[in-house]
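The values are calculated or read from the model by the stated rules, or taken from the named source; none is laboratory data. Predicted model, so just to flag it, every value in this text is computed and none were measured. Note: ideal-geometry Cβ built from the backbone for every residue, glycine included; neighbour counts use all protein chains shown. Heads up: the accessible areas ignore ligands, DNA and RNA and are worked out on the full protein's heavy atoms, side chains in. Shrake-Rupley method; radii C 1.70, N 1.55, O 1.52, S 1.80 Å.
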Amino acid sequence: MDVYGKSRFCEENGIMTRTTLLLAALLGNWLVARGQSATPPLEAPTVQQSLNSLGTSGNMSAVRTFDGRVINLRGTPLLYPDWTPGEATLVNGAQITNARFKYNVPDKRLLVLRQGKDSTQVEGYNVQSLTLQPMNTAEPQRYEHLPPLKNDVSITRGDLVRVIYRGPYTLVQLPVKSFYKATSSSPYGEARDYNEFRDESVYLLVRPDGTAEKVKLTKKSLAGALQQQADAFTKFVKDNRLDVALESDVAKALAALSK
């Protein structure tokens, strides 16, 4: 049968099917009117019924679903999105000066841009110290490795922490960039049509005994981590009207404890 014949056959077959359904409906109405039982009218199968029938027949592998959304990205895995001037010292003693840097936080990898447009990469564990001068900060920021801690705090060999104050009680910030994958639309919970890197950096207070604790910049959190120095810390903050939400004021209070 040629294409024209197939098309004509399908058209005629469709007309015959509609005619048969119409006659069946009329016959059913006539039988109901005479008080006799009638065969229920045929109903078109739903999409779900069709999928179910495919599944029971073993043909479910032929069904494919597609996500046509455009998945964008918010945030960045980098410490700073732009090339930032600074200098670095490697564990072998080599120094990198007159350069610009990008630090990939999840990968713990330092990108170095010197002259020209070509950049090189240095694994975080090969970096002894890194000093950056971001555009939005007056003071340079220094990043180093913490010595091995005596308690279980999420610090790995490649992590570089920003040193806010170094003393008997040391305050640092551990950069953390967490990745969240796009989720399907849902009436419950969080639904995003974009991937996202979120800044979830944490502060750590390192005590003289080599233990560390995650803290928030609040009086209660800092005093709790300072343990036996809690009262002295609280008194100094109160007497000097310090705002512990500011890193610089926390540094002043920690420096007073070392005197």
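Within the range 201-222, the only residue that satisfies the criterion of being of a type in the set (Asp, Glu) and over 14 Å from residue 148 (Cβ atoms) is 213. All conditions but one from (1) touching a strand residue (DSSP E or B) at 6+ places or on another chain (Cβ under 6 Å); (2) touching a residue at least 60 places away in the same chain (Cβ under 8 Å) apply to residue 169; the one that does not is (1). For residue 217, the requirement of being surrounded by 18 or more Cβ atoms within 10 Å (Cβ to Cβ) and of a type in the set (A, V, I, L, M, F, W, C) is not met.
Of all the criteria given as (1) more than 24 Å from residue 200 (Cβ to Cβ); (2) open to solvent by less than 90 Å² (accessible area, probe 1.4 Å); (3) modelled with pLDDT of 85 or more, the one not satisfied by residue 95 is (2).
Scanning the range 220-247 for residues that are within 14 Å of residue 171 (Cβ to Cβ) and loosely packed, with under 12 Cβ neighbours inside 10 Å yields 245, 246.
Within the span defined as the range 200-213, one or more residues are free of Cβ contacts under 8 Å to residues at least 60 places away in the same chain, open to solvent by 30 Å² or more (accessible area, probe 1.4 Å), outside any loop (DSSP other than H, G, I, E, B) and on the phi < 0 side of the Ramachandran plot.
A single member of 253, 212, 245 is within 28 Å of residue 81 (Cα to Cα) and not acidic (Asp, Glu), and it is 245.
Comparison of 131, 137 shows that the only residue that is polar (S, T, N, Q), within 28 Å of the chain's Cα centre (by Cα) and modelled with pLDDT under 95 is 137.
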